[in-house]
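Right, one structure below, let's go through it.
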Amino acid sequence: MRYYTLFVACATAIAAAETLIVLIRTTKKSLRIKMNKTTTEQELAPSSRSKSKGKYEDLPYNPRSKTITNDVEWKDNNGNLLDVSRGGKISNIDGIFCWVGTTPFSSKADNGDIYLYKSYTLGSNSWEFVRKLVDSSAAEKLGTGGNCQLHKHPSNGTYHLHCKRREFYISDSIDGDFVRLAKPKDPSNNDGWRWGANYVYQEKNEMYLVTTMSLENADGTIDGTTRTLYIFKMNKAWTGFDPTTPIVATWSWPKREGLCLFKERSTYFLTASHTAGWKNSFTWFRSADTMEQLSQASDVEVLFSPENTSSIKSMGSQHRQIIEVSSGKWIFMGSRYPDEAPSKYDSKYGRNIVTPVRFIDGVPNVYWKYCSC
């Protein structure tokens, strides 16, 4: 039996200023009960331990590694921690997994800069630092670099960074300069509303941007009860929004953030985390035959194994992304915040988790580890 330890804030008055260590037990037997089968691990299935007999820290950089090890700090080919925080996401460009992000809040002075890493296999020790894509000036750092994704336009061949609050960048090549574009006009026309987290979803040549926005109070805070979700269609060049019908769908969606839009077979899914500050939180989803119909769908909880508890939710993380990494193989990505909230997370358990996903009766099921059945 192996124990996975995560730090969570103690909810009792006696230990209000302390940290409670919660142990999650996972055994092969318990997973067998869930799966009712036992076979060998699938190739891309994350493992709770390395196949090496040595410690993870002893594993050298290996671009061929296919083993994903969670509850550890992930480092690049130079031995440095991956700077993919603030909602950085993975995309597949020409068969290469590209992960963009930035440094955690308050950890470094350059947390508005955007970095790129690549991997051919998704292995925890397979990530190679490529370059800094965006070097923000001191005046630009605040509010930039969050929720970034990198995509390549299939027709134009241009590379696009879409980040939080309509911060868009473009380059002619992955090695070229990423030029910051003029912020496009808000197609919602909601004056006095603040844009929140976003996600961009590509479907062939079309690009869609999903975001939430909330009414901003006079003191700079937001009114969470007004949080509203929008799915916008972007223009053909991906540099702004469709000039004729930019709004695909919209609805009131309080207590939801950390968005992800994807299509599994013929069904659209929108996943999100429950607003909880820096704490780990439940993951929710909606599904429908069209993007427009998502506005009428109901929120359903994503299922996890080990199951969520009152203290440990989404395997001790906040939902970041669910993506298909090869035909029929999906992964869940979660973020942890040891830099931003050290009282709630221990840094030795890492900033990120990646675990396998199965769709069972239309519901995403996330497993700490599962077999190929």
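The values are calculated or read from the model by the stated rules, or taken from the named source; none is laboratory data. Owing to the predicted nature of the structure, the values given are computational and were not obtained by experimental measurement. As a convention, Cβ positions derive from the backbone with ideal geometry for all residues, glycine included, and neighbour counts pool all protein chains shown. Only protein heavy atoms, including side chains, enter the accessible area calculation; ligands, DNA and RNA are left aside. Shrake-Rupley method; radii C 1.70, N 1.55, O 1.52, S 1.80 Å.
Of the residues making up region 130-144, at least one is open to solvent by 50 Å² or more (accessible area, probe 1.4 Å), at pLDDT 90 or above, out of contact with any helix residue (DSSP H, G or I) (no Cβ under 6 Å at 6 or more places or on another chain) and within 27 Å of Ala341 (Cα to Cα). Only residues that are of a type outside the set (D, E, K, R), farther than 14 Å from Tyr208 by Cβ and surrounded by fewer than 19 Cβ atoms within 10 Å (Cβ to Cβ) were counted in region 240-283, giving 11. For region 316-333, a tally of residues being touching a Pro at 6+ places or on another chain (Cβ under 9 Å) and open to solvent by 20 Å² or more (accessible area, probe 1.4 Å) returns 1.
Each residue in region 86-104 was checked for being outside any loop (DSSP other than H, G, I, E, B) and open to solvent by less than 10 Å² (accessible area, probe 1.4 Å), and 5 of them qualify. Just a yes or no: is a residue in region 232-248 part of a strand (DSSP E or B), within 28 Å of Arg131 (Cβ to Cβ) and modelled with pLDDT of 95 or more? The answer is yes, given that some residue of region 232-248 is part of a strand (DSSP E or B), within 28 Å of Arg131 (Cβ to Cβ) and modelled with pLDDT of 95 or more.
A single member of Arg286, Arg336 is surrounded by 18 or more Cβ atoms within 10 Å (Cβ to Cβ) and in contact with a Phe, Trp or Tyr (Cβ under 6 Å, 6 or more places away or on another chain), and it is Arg336.
Of everything in region 267-305 that is among the hydroxyl-bearing types (Ser, Thr, Tyr) and in contact with a His (Cβ under 7 Å, 6 or more places away or on another chain), the residue that is farthest from Asp339 (Cα to Cα) is Thr271.
Scanning region 297-336 for residues that are within 24 Å of Arg86 (Cβ to Cβ), in a loop (DSSP other than H, G, I, E, B) and either in contact with a Lys or Arg (Cβ under 7 Å, 6 or more places away or on another chain) or without any contact (Cβ under 8 Å) to a residue 12 or more places away in the chain (or both) yields a total of 3. Of all the residues in region 206-239, those that are under 20 Å from Gly157 (Cα atoms) and among the polar types (S, T, N, Q) number 2. Evaluate region 109-127: report whether one residue or more is over 19 Å from the mean Cα position of the chain (by Cα), surrounded by fewer than 20 Cβ atoms within 10 Å (Cβ to Cβ) and at pLDDT below 95. Scanning region 109-127, I find at least one residue that is over 19 Å from the mean Cα position of the chain (by Cα), surrounded by fewer than 20 Cβ atoms within 10 Å (Cβ to Cβ) and at pLDDT below 95, so the answer is yes.
Here Asn205 meets each of (1) among the polar types (S, T, N, Q); (2) farther than 23 Å from Cys260 by Cα; (3) open to solvent by 60 Å² or more (accessible area, probe 1.4 Å) with one exception, condition (2). Applying the condition of being part of a strand (DSSP E or B) and open to solvent by less than 30 Å² (accessible area, probe 1.4 Å) to region 339-362 and asking which residue is nearest to Phe285 (Cα to Cα) yields Val357.
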